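Shown next, in structure tokens, is the structure this report addresses.
The values are calculated or read from the model by the stated rules, or taken from the named source; none is laboratory data. Note that the structure is predicted; figures quoted are calculated from it, not measured. Note that we place each Cβ from the backbone using ideal geometry, even for glycine, and neighbour counts take in every protein chain shown.
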Amino acid sequence: MRILVIEDEPDLLASLAKALREEGYAVDTAADGEDGLYKAESWDYDALVLDVMLPGLDGWAVLQRLRQSKKTPVLMLTARDTPRDRVRGLDTGADDYVVKPFDLEELFARLRALIRRAAGKTQNRLEIGQLVIDTAARRVSRAGRPVELTAREYALVEFLALHRGEVVTRTMLYEHLFDEDDSTLSNLLDVHVSNLRKKLGAEFITTRRGHGYCIE
Amino acid sequence: MKFFHSIRWRLQLWHGLLLVVVLAGFGFTAWRLQRATQFQRVDQELDRQVQVIFRAIGGPGGKPPGHPPHDGFRPRRPEERRSEPAPDRNEEGPPGPREFAMPVLDASLFADESGRTYYCVVWNRNGREMFRSAAAPPDVPCPELAVGSRDSRLRGTTRELFSYTPPGERFLVGRDIRDELAGMRRFAWLLASAGVVVLVLGLAGGWWVSTRALSPIAAISAAAARISTGDLAQRIQTADTSSELGNLARVLNDTFARLQASFERQAQFTADASHELRTPVSVVLTQTQSALARERPAAEYRESLAACQRAAQRMRRLTESLLTLARLDSGEAATTREPCDLDRLAGDATELLRPIAEEQKITLEVEATPTRCEGNAEQLGQVVTNLVSNAISYNRPGGSVRVKVAAEPGAAVLTVTDTGQGIAPGDLPHVFERFYRADNSRNRRAGGGAGLGLAICKAIAHAHHAALEVASTQGRGSTFALRIPVTQARK
């Protein structure tokens with residue numbers, strides 16, 4: 001899952017990005033509205049964390065312009081929490097709201113829900129045969145037994161599971177699992193896929209040669 | 001007693017008292033007048049009757065007693081006057097020519113045309129009864145009367161008129177005036193009931209008038225009560241605006257409006273202040289929650305602590321600014337004013353900022369001529385610091401900031417000019433407002449200023465009765481000028 005955080009307070013941006021990365025997300029950052037809008041329009045992020053008060057282009061303007069081309073789920077961060085502000089945000093096309101100061105746990109939970117809803121799922125439990133993915137606890141179990149996965153591996157499974165039945169290209173995977181700071185080697189993905197096959201069974205992820213991967 | 005404290009009840013009470021006094025006075029006077037008229041009429045009748053009787057008993061002039069020259073009786077001769085006998089001579093002596101004689105005792109003499117019965121009693125000068133008509137009550141006392149005069153009296157239910165005859169007999173005519181007295185009583189009752197009716201009407205009218213007059217007060221107190229429960233948007237509804245109470249209502253409405261505006265400003269200020277605090281609190285929360293989520297290398301902890309420290313310092317700056325503003329608003333800081341050298345003060349404050357200016361490749365120029373003014377050195381120093389650090393923050397790299405202090409006629413003037421991007425004309429009127437930021441965001445380069453720096457400058461200027469003005473050309477830079485009035489021009 002790749003997330004863009006647009007926040008102008010550097011310390012808050014850094015700590016949010018770090019905490020989200022530790023949660024297994026690929027995180028891009030932008031310190032102002034213009035940069036944020038450019039990035040949000042250029043990539044298909046799984047979610048956007050957008051601060052309302054930004055220098056230059058403010059959060060409302062970013063949201064309004066973004067909605068002309070993208071349906072990316074947007075979580076607004078705001079210091080103003082009057083009902084009028086919330087209504088305005090939701091009407092402009094925000095998907096959810098978090099009022100500063102917030103708890104990281106709440107922010108994570110809301111982001112998970114946002115991403116889940118965007119993928120058309122309403123529960124945080126995905127079942128594929130004997131495999132159960134708990135997106136809230138970020139745990140995978142197979143036939144009732146927990147499977148140890150690295151954060152990246154988990155992200156890969158989750159992404160494929162959320163796009164079950166679709167062919168997910170390598171480009172998509174790169175775009176959603178690695179952020180702009182990752183100096184990814186092109187074979188890193190193959191390493192992750194091969195590790196997953198060892199842990200979850202060789203037949204779990206099928207390779208469509210020339211297209212990408214798929215979970216049937 | 002609650003209603004003794006009510007204006008309406010007190011008005012009503014006074015109104016009622018006045019009405020009672022006026023009505024009682026009027027009624028009593030009317031009754032007295034009526035009574036006097038009545039008695040006068042009775043007396044006239046009695047007088048007429050006296051004449052009738054006199055005529056009947058054959059007096060030549062037929063004139064009543066007391067009307068000289070008189071004569072139902074023989075006129076006295078001068079010699080008789082001289083030889084006025086002793087008082088009892090009349091009693092002892094044989095009936096003389098001056099002795100009263102009642103020749104005819106015709107009952108018709110003692111009644112008039114309307115059938116009223118009169119009586120007549122005559123005493124000689126010694127008070128011995130000489131004649132008594134049939135209808136006379138048995139106990140008519142002999143009236144005390146000065147010689148030659150006449151008088152009347154009310155005795156029980158009878159009215160009596162008496163006089164002296166020239167020879168000295170006391171002649172009394174009376175009649176029963178029971179009917180007249182009953183009429184008087186009826187009249188008194190009529191007056192009393194009319195008075196009661198007028199009193200009731202007057203009280204009702206007074207109640208209506210006071211209700212009407214006091215109704216704006218009811219409206220005012222109702223509105224004030226609603227406002228005191230917290231609804232500051234309430235106003236007094238008044239139809240008439242020209243009366244005294246209408247004026248009062250208008251004045252109160254103005255006051256309420258100003259109160260409301262001040263409350264709203266205060267609420268806005270508090271909301272802005274809390275919003276300003278939210279971001280640094282968010283930093284502390286996310287940093288600590290993320291740092292505590294797992295074991296980390298020492299370097300990461302240090303990084304988190306440093307971020308928390310930055311946030312805390314930002315909060316400290318904000319609370320200091322808020323406190324400064326609160327003190328300036330309450331006027332407690334404006335008390336200490338002493339002569340100070342504005343040029344030295346500006347130079348010192350600017351020098352402190354030189355390292356920051358150099359860091360950002362900005363040239364700082366100070367051009368100060370000795371200038372003295374009255375003021376609080378610490379506060380004026382803060383104005384210089386705020387203006388200069390703003391000028392540095394909003395400058396372009398390689399730009400310059402010029403601080404100039406000069407004495408002008410009647411004022412000490414400090415100007416700070418920068419070569420930054422300037423301020424948009426739309427923002428210009430608002431730059432001194434609290435928490436106002438030209439681009440609606442925190443300006444990082446200004447070190448996270450909350451938008452209070454210029455507001456503090458303005459408040460300090462206000463406390464010094466000084467003018468703080470700004471002029472700006474977009475793209476060229478801005479100039480802030482502080483003009484402190486000086487009572488006597490100094491070189």
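Key figures for this structure:
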| read-out | value |
| --- | --- |
| Test result for A:I215, among the hydrophobic types (A, V, I, L, M, F, W, C) and modelled with pLDDT of 85 or more | no |
| Test: A:L107 is more than 14 Å from every other protein chain (Cβ to nearest Cβ) and either part of a helix (DSSP H, G or I) or in contact with an Asp or Glu (Cβ under 8 Å, 6 or more places away or on another chain) (or both) | no |
| Whichever residue in the range A:69-93 is among the aliphatic types (A, V, I, L, M) and farther than 15 Å from A:I3 by Cβ and, among such residues, is farthest from the other protein chains (Cβ to nearest Cβ) | A:L90 |
| One residue from A:A118, A:A47, A:A31, A:A79 being small (G, A, S) and closer than 20 Å to B:Q289 by Cα | A:A79 |
| Flag for A:Y97 being surrounded by fewer than 20 Cβ atoms within 10 Å (Cβ to Cβ) and within 29 Å of B:T288 (Cβ to Cβ) | yes |
| One residue from A:L48, A:L63, A:L4, A:L54 being buried (at least 18 other Cβ atoms within 10 Å of the Cβ), among the aliphatic types (A, V, I, L, M), in contact with a helix residue (DSSP H, G or I) (Cβ under 8 Å, 6 or more places away or on another chain) and within 14 Å of chain B (Cβ to nearest Cβ) | A:L54 |
| Output for the range B:202-250, where each listed residue is of a type in the set (K, R) and surrounded by 12 or more Cβ atoms within 10 Å (Cβ to Cβ) | B:R226, B:R235, B:R250 |
| The range B:251-300, subset in a helix (DSSP H, G or I) and of a type in the set (D, E, K, R), residue nearest to the other protein chains (Cβ to nearest Cβ) | B:R278 |
| Tally of residues being surrounded by 19 or more Cβ atoms within 10 Å (Cβ to Cβ) and polar (S, T, N, Q) across the range B:323-375 | 2 |
| Number of positions in the range B:92-137 that are at pLDDT 75 or above and acidic (D, E) | 1 |
| Residue among A:Y38, A:Y25 that alone is under 20 Å from the mean Cα position of the chain (by Cα) and away from chain B (no Cβ under 14 Å) | A:Y38 |
